[in-house]
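The values are calculated or read from the model by the stated rules, or taken from the named source; none is laboratory data. All figures in this text were calculated on a predicted structure; none of them were measured in a lab. Using ideal geometry, Cβ is built from the backbone for each residue, glycine included, and neighbour counts are taken over all protein chains shown. Just so you know, the surface numbers come from the protein's heavy atoms only, side chains and all, with ligands and any DNA or RNA stripped out. Shrake-Rupley method; radii C 1.70, N 1.55, O 1.52, S 1.80 Å.
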Amino acid sequence: MVQQIEVDAVRFAREAGQMLRKRFRTALEVEYKSRGNRDPVSIADKESEEFLTGAIHGAYPNHCVLGEEGHDLDGADQDMLWVLDPLDGTVNFLNGLPFFAVSVGVLHRGTPIAAAIYVPASPLVEEGAFHTRLGAPSYLEDAAISVTLNPLPQ
């Protein structure tokens with residue numbers, strides 16, 4: 001089941017990311033979650049979260065979903081929680097900088113069991129989904145990735 005959750009997290013993040021690509025560098029309504037015009041949220045953030053929540057509940061109707069843009073713990077199975085950042089890097093997105101992502105995490109009883117971070121566009125990295133699950137390697141698409149143990153030169 002965890003493997004299928006990982007597969008679905010990647011699929012959902014990828015589809016939301018492709019929706020964001022269509023909205024990238026277009027005129028968008030922007031609101032602010034805090035005073036001083038900090039912490040912006042756009043219609044693209046909201047549409048991405050609505051898509052993700054619908055996709056998750058379509059596949060896992062009882063799982064809970066917690067979204068950054070307003071979805072609170074809706075779902076009957078309190079043991080399973082999907083945590084969403086539907087547009088990670090909103091400020092970059094709004095300023096036309098191609099450094100943003102869709103982040104999806106899944107917890108079982110508070111323990112992370114799967115995650116996917118879809119990067120729709122970047123001049124440094126090709127389009128792709130980073131993903132992993134509890135007890136398994138991390139991947140960029142189908143290629144295993146790891147963290148280097150050697151620090152970067154100072």
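Inspect all residues belonging to region 134-144 and state whether any of them is in contact with a Ser or Thr (Cβ under 7 Å, 6 or more places away or on another chain), buried (at least 19 other Cβ atoms within 10 Å of the Cβ) and at pLDDT 85 or above. For region 134-144, residues in contact with a Ser or Thr (Cβ under 7 Å, 6 or more places away or on another chain), buried (at least 19 other Cβ atoms within 10 Å of the Cβ) and at pLDDT 85 or above: absent. Name every residue in region 80-94 that is closer than 14 Å to L28 by Cβ, of a type outside the set (A, V, I, L, M) and touching a residue at least 24 places away in the same chain (Cβ under 8 Å), in order of residue number. Selection gives P86, T90, F93. For region 94-115, enumerate the residues that are crowded, with 16+ Cβ neighbours inside 10 Å and assigned to a loop (DSSP other than H, G, I, E, B). Residues satisfying the conditions are P98, F99, F100.
Cβ separations smaller than 9 Å between residues 6+ apart or across chains give the following pairs from region 33-62 residues that are open to solvent by less than 50 Å² (accessible area, probe 1.4 Å) to residues that are modelled with pLDDT under 95 and of a type in the set (F, W, Y): P40/Y32; V41/Y32; S42/F93; A44/F24; A44/F93; D45/F93. Of the residues in region 48-59, not one is of a type in the set (A, V, I, L, M, F, W, C), modelled with pLDDT under 95 and in contact with a strand residue (DSSP E or B) (Cβ under 6 Å, 6 or more places away or on another chain). Could you check region 7-16 and list, in sequence order, the residues that are open to solvent by 10 Å² or more (accessible area, probe 1.4 Å) and either within 17 Å of L140 (Cβ to Cβ) or small (G, A, S) (or both)? Within region 7-16, V7, V10, R11, R14 qualify. Applying the set (1) open to solvent by 40 Å² or more (accessible area, probe 1.4 Å); (2) in a strand (DSSP E or B); (3) at pLDDT below 95 to K22 leaves exactly one unmet item: (2). All conditions but one from (1) part of a helix (DSSP H, G or I); (2) modelled with pLDDT under 95 apply to E31; the one that does not is (1). Please verify whether S34 is out of contact with any strand residue (DSSP E or B) (no Cβ under 9 Å at 6 or more places or on another chain) and hydroxyl-bearing (S, T, Y), treating the condition exactly as stated. Yes.
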